Amino acid sequence: MNDKRLTAMLAAALFAVFAQQAAAAKGPKYTYGEIGYTHISGDSADANGVDVGISFGATDLIFLKFGYSRLFVDFPGTTGDVDANRFQIGGGAHYGITDTLDVLGTLSYVDIEYANGVPAYGDDGYLIELGLRDMLSKSLEVNATLSSLELDGNNSLGIGVGGVVDVTKHLQATGSYDHFQDEDDNIFFVGLRVEF
C-alpha cells in the first residue's frame, strides 16, 4: 500500500511539474532580439529610422531591456534631416494572470542625442510602462501599454497597441502603434523578432 501511495504521489508531482512547464510555454516570451523600421509623425517633427531592441528574461519574473534607434528627423524650419541617436536601458517585472495573459511594468532610462543640422544637444529622462501581453493562440500575441515619458522635465502620456505573429518556430513578425499626447506623436513600428 505504501508503494502505491508513493508511486501515486510521484506521478502527481511529475504531472504538476510538466503541467507548470506547459503552462509557462503558453505565455509570452521575454528573451528575444528584434530589428525594424520606425516612423514618427508629430506636431514638432517627423522621423524615420531603424530600431534595434533586446529583451532578456533574467528570472521567471524579471527581465531587462536594451534599445537603440537611429532616426532621421525632419524639424520644421530646418533644411535637411537631423540625425538622432536614441538609447534606452531598463528593466521590468511580469506576472502571469492566466496561463497566456501577463501583466507587466517597466522603468527605463532614455537618452536622445541630436547632431547634423542643429547644434549638438540632447534630451534625457525616463519611461514608465504598464501593460498586458496576451497569447491569443500559440502563434499570435496581442499587447497593450500605458506609458509616461519624461524628457528634460516635459511629461507626455501615451497609449499603445501591438501584435506578434509567428513566421517560423523562432522568428516572428511584429508591429506596434503608440500615441503620445504632449507632442501629438504617432509612432509606427514594423519588424522581425527572434526568440531565444
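The values are calculated or read from the model by the stated rules, or taken from the named source; none is laboratory data. These figures come from a predicted structure and were not determined experimentally. Note: ideal-geometry Cβ built from the backbone for every residue, glycine included; neighbour counts use all protein chains shown.
Checked against the criterion of being in contact (Cβ under 8 Å) with a residue 60 or more places away in the chain, more than 15 Å from the chain's Cα centre (by Cα) and within 27 Å of Leu132 (Cβ to Cβ), the stretch 61-69 contains not a single residue that satisfies it. Taking every residue in the stretch 96-108 that is over 8 Å from Gly27 (Cα atoms) and pairing it with any residue that is among the aromatic types (Phe, Trp, Tyr), at least 6 positions away or on another chain, the pairs with Cβ-Cβ distances below 8 Å are Val103/Tyr95; Leu104/Tyr95; Leu107/Tyr126; Ser108/Tyr126. The residues in the stretch 101-136 that are of a type in the set (S, T, N, Q) and either at pLDDT 95 or above or buried (at least 19 other Cβ atoms within 10 Å of the Cβ) (or both) can be counted, and the count is 2. When the criteria are applied in full, Tyr30 meets the requirement of being modelled with pLDDT of 95 or more and in a loop (DSSP other than H, G, I, E, B). Check the stretch 66-79 and report whether any residue there is surrounded by fewer than 18 Cβ atoms within 10 Å (Cβ to Cβ), touching a helix residue (DSSP H, G or I) at 6+ places or on another chain (Cβ under 8 Å), modelled with pLDDT of 90 or more and under 24 Å from Gln172 (Cβ atoms). So far as the stretch 66-79 goes, no, none of its residues is surrounded by fewer than 18 Cβ atoms within 10 Å (Cβ to Cβ), touching a helix residue (DSSP H, G or I) at 6+ places or on another chain (Cβ under 8 Å), modelled with pLDDT of 90 or more and under 24 Å from Gln172 (Cβ atoms). The residue that is nearest to Gly105 (Cα to Cα), among those in the stretch 168-194 that are within 15 Å of the chain's Cα centre (by Cα) and of a type in the set (Phe, Trp, Tyr), is Tyr177.
Might you let me know whether the stretch 182-196 holds any residue that is closer than 21 Å to Ser69 by Cβ, without any contact (Cβ under 8 Å) to a residue 40 or more places away in the chain and not in a strand (DSSP E or B)? Checking the stretch 182-196: at least one residue is closer than 21 Å to Ser69 by Cβ, without any contact (Cβ under 8 Å) to a residue 40 or more places away in the chain and not in a strand (DSSP E or B).
Selection of first residues in the stretch 41-57 that are surrounded by 14 or more Cβ atoms within 10 Å (Cβ to Cβ) and of second residues that are acidic (Asp, Glu) and part of a loop (DSSP other than H, G, I, E, B), restricted to Cβ pairs under 7 Å at least 6 apart or on distinct chains, gives the following pairs, ordered by first then second residue: Gly42/Glu183; Gly42/Asp184. When every residue of the stretch 167-175 is checked against the conditions, at least one turns out to be out of contact with any strand residue (DSSP E or B) (no Cβ under 7 Å at 6 or more places or on another chain) and either without any contact (Cβ under 8 Å) to a residue 40 or more places away in the chain or among the basic types (Lys, Arg) (or both).
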